[in-house]
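As structure tokens, the structure follows; a few thoughts come after it.
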Amino acid sequence: MNEHTTCSEDLAAEVRRVAKLARIYVSEDDVAQWTRDLGRILEYVRQLNELDVDSVEPTAHAIPVANVMRDDEPRPGLPHTEALSNAPAARDGLFIVPKIIE
Amino acid sequence: MSCSGPVSELPSLSAALDALRRNEVSSEELVSELLRTIECWNPTLNAYVYVNSEEALACAREADARRRAGDPAPWVGVPIGIKDNICVRGQPCTCGSKILKSYRSPYDATVSRRLREAGAVFVGRLNLDEFAMGSSTETSAWGPARNPWDVDRVAGGSSGGSAAAVAAGMAVAALGSDTGGSIRQPAAFCGCVGLKPSYGRVSRYGLVAYASSLDQIGPLTRTVRDAALLLSVLAGRDPMDSTSLDVPVPDYIAAVDQAPDDLRGRCIGLPREYFAEGIEPDVAQAVKAAVADMARLGADVVEVSLPHTHYAVAAYYLIATAEASANLARFDGVRYGLRVPSEDVLEQYERTRAEGFGQEVKRRIILGTYALSAGYYDAYYLRAQKVRTLIRRDFERAFQQCDLLLTPVAPTTAFRIGERISDPLTMYLGDIFTVPANLAGICAISIPAGLDSRGLPVGLQLMAPALEEARLLQVAHVVEQTRPRLPRPPLASRASGGSPA
């Protein structure tokens with residue numbers, strides 16, 4: 001697999017990049033810890049390279065069902081007040097969030 | 001009631017159902033006794049994270065009234081414990097996470113609805129690894145569940161609270177969820193029965209998703225028959241889960257009740273890769289003893305090979321974490337759960353998730369995001385999915401040679417609290433015998449085999465092809481009858497008794 005990830009400095013940068021993608025704030029201590037953890041785990045999972053899988057189809061689901069459709073009929077959903085009952089902030093039947101567009 | 005000794009004998013689910021039906025006990029008496037036991041032992045074991053005393057008693061009284069009025073629903077007044085990642089309307093569902101600390105489910109999971117309609121009473125919420133990510137219940141934000149056989153040891157995970165509660169008499173039966181062994185391994189560690197149904201057998205609607213292609217809800221019980229009873233309520237197609245299968249549900253209770261006395265005509269496969277080095281001698285010994293008994297009962301025991309077993313943990317931890325990274329994106333502090341407020345929405349997401357999630361959950365989200373991210377997808381995620389195909393084919397070939405597979409559940413018995421938590425990879429490697437069934441979508445059960453030399457339970461795993469739960473339960477029931485009956489767990493530390501570390 002990708003050679004450059006074996007270097008821990010590069011891997012630390014990857015941890016920062018991935019944490020950003022995952023929307024998780026990371027402290028420098030976290031980066032150090034997760035670089036170590038991720039390095040060990042990636043080293044372990046690289047053993048999958050021992051297998052020749054070129055002609056193998058991937059399995060996304062263990063059971064052979066695809067495109068399950070239901071009848072397009074209206075049915076009651078969660079009542080509005082209940083859908084908002086766990087909201088950290090709500091007003092006028094809406095979730096309140098910080099301003100996204102200036 | 002005194003809290004000084006081991007728990008009084010609580011009935012199995014089968015016995016509780018019979019006693020209620022014959023009016024030998026009321027639901028109120030049953031639930032009261034359970035609540036007293038919980039009050040005594042939960043401070044030690046931390047199996048429940050929430051006990052629903054008042055409401056459970058009210059429901060029990062209502063159930064008794066319904067029964068007196070002739071309600072034929074079979075489960076009226078039967079108390080069930082629910083893992084804290086399965087929604088029960090009006091109750092907390094924290095998933096063992098700070099991020100859902102104050103969450104209350106506005107709806108029932110399909111399994112909860114089915115149990116409710118059958119008449120069951122929900123007693124409380126059972127401890128788990130945070131978002132079911134762990135093998136010891138130590139990643140719970142509410143502290144670890146403890147093992148009733150030695151409270152210095154883990155109850156296993158992630159359904160550690162469910163297993164500890166059933167083993168200690170704090171639940172008649174419980175629901176867990178199994179993504180990579182999370183029902184079977186804690187059942188083995190605590191000396192109870194744990195069934196992971198085939199993928200698609202039980203609806204996942206209302207189960208907080210960890211890895212959607214692997215997750216399955218199932219029972220933790222005292223006996224195999226109890227597992228059959230619960231599965232008969234849980235199983236079946238649900239329009240709310242498009243991966244639940246529209247196939248007939250066999251009569252699991254009949255499968256157990258009509259089980260023959262022997263195993264003649266059954267072919268049991270022993271996959272040689274599951275008996276390789278790394279298993280504790282006592283675990284290997286317990287499985288061998290069961291094999292000998294099965295052979296004595298007429299089973300045809302053959303050695304088979306599942307050649308890709310060695311790669312299952314690597315494939316599992318890439319697939320499960322990739323799916324988790326997507327599933328847990330919903331915890332963003334907008335619609336429910338913790339919010340760490342900020343003027344900037346991006347910063348709000350990042351701070352909320354950093355503060356709300358624990359270390360193991362973040363570690364898995366990071367790994368899963370990495371495995372899916374541009375440049376690494378083919379090398380990690382896609383390759384893991386291809387290896388999943390190889391593992392699935394291993395089972396297809398093995399099941400051409402035998403009816404069921406018999407293996408250990410885990411390489412060791414329950415380990416000490418704190419022993420593995422700082423070493424994620426060592427923790428992951430303990431899942432080697434349970435993750436393949438999830439990757440292949442087949443059904444598997446853990447039943448008690450006996451005790452090791454330290455007095456800790458050892459589990460036996462039986463695996464059957466997808467949707468063959470009736471076969472699995474029937475054979476498991478026969479094997480269960482051959483195993484020594486476990487004594488009551490001591491509910492104490494063994495270290496003070498001077499047993500070797």
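A few points about this structure:
- Degrees, to the nearest 10: A:28-45 long Cα axis against longest axis of chain A: 70 degrees
- In this structure the amide hydrogen of residue B:173, modeled in the peptide plane, comes within under 5 Å of the amide hydrogens of B:81, none closer than 5 places in sequence on its chain.
- Average other protein chain Cβ within 10 Å of Cβ, residues A:93-102: 3
- Chain B: translational diffusion in µm²/s, Stokes-Einstein, Kirkwood Rh over Cα pairs, 25 °C, 0.890 mPa s: 109 µm²/s
- Relative to its Kirkwood radius, the Cα radius of gyration of chain A gives an Rg/Rh of 1.16.
- Sparsely packed loop sites in the range B:252-306 (the GluC sites (Glu not before Pro) outside DSSP H, G, I, E and B with at most 12 other Cβ atoms within 10 Å) comprise B:277.
- Alpha carbon convex hull of the range A:56-96, projected area averaged over orientations, nm²: 6.2 nm²
- Mean ellipticity per residue at 222 nm, deg cm²/dmol - from DSSP H runs of n ≥ 4 across chain B, formula -39500 (n - 2.57): -11500 deg cm²/dmol
- Square roots of five times the Cα gyration tensor eigenvalues for the range B:110-259, Å: 24, 18, 13
- Within 10 Å of the Cβ of each residue in B:96-109, the mean number of Cβ atoms contributed by other protein chains is 2.
- Summing Lys and Arg as +1 and Asp and Glu as -1 over all other residues whose Cβ lies under 11 Å from the Cβ of residue B:433 gives a net charge of -1.
- For the range B:309-388, relative contact order (Cα pairs under 8 Å, six or more residues apart, normalised by length) works out to 45 percent.
- The range A:3-50 pair-distance distribution - Cα-Cα, 5 Å bins, rounded %: 5, 22, 30, 22, 14, 5, 2, 0
- Counting Cβ atoms of other protein chains within 10 Å of each residue's Cβ and taking the mean over peptide A:63-69 gives 4.
- Distance from the range B:215-269 to the range B:142-188 (C-alpha centre basis), Å: 21 Å
- Hydrodynamic analysis of the range B:240-388 uses the Kirkwood radius over alpha carbon pairs. Inserted into Stokes-Einstein at 10 °C and 1.306 mPa s, it gives a translational diffusion coefficient of 78 µm²/s.
- Reach of residue B:83 by Cα under 18 Å, taken over lysines that are not fewer than 8 positions away in the same chain: B:98, B:101, B:196
- A straight chain from residue A:99 to residue A:46 at 0.36 nm per residue would run longer than the Cα-Cα distance by 14.8 nm.
- Distance between the pseudo-spin-label points of residue B:36 and residue B:486 (7 Å out from Cα toward the beta carbon): 2.4 nm.
- For the pair the range B:335-388 / the range A:1-78, the C-alpha centres are spaced 9 Å from each other.
- Per DSSP, loop trypsin sites (Lys or Arg not before Pro) in the range B:96-150 with at most 15 further Cβ within 10 Å: B:101
- Shape box of the protein assembly as shown [Cα atoms, principal axes, largest first, Å]: 69, 59, 59
- Against the empirical 2.2 N^0.38 Å (N residues), the range B:5-112 has a Cα radius of gyration ratio of 1.15.
- From the C-alpha gyration tensor of the range B:309-388, square roots of 5λ in Å: 29, 12, 9
Throughout, read-outs are computed from the coordinates displayed, never taken from laboratory work. What you see is a predicted model; the values in this text were computed from it and never measured. When we count neighbours, we look across all protein chains shown, and the Cβ atoms used for this are built from the backbone with ideal geometry, even at glycine.
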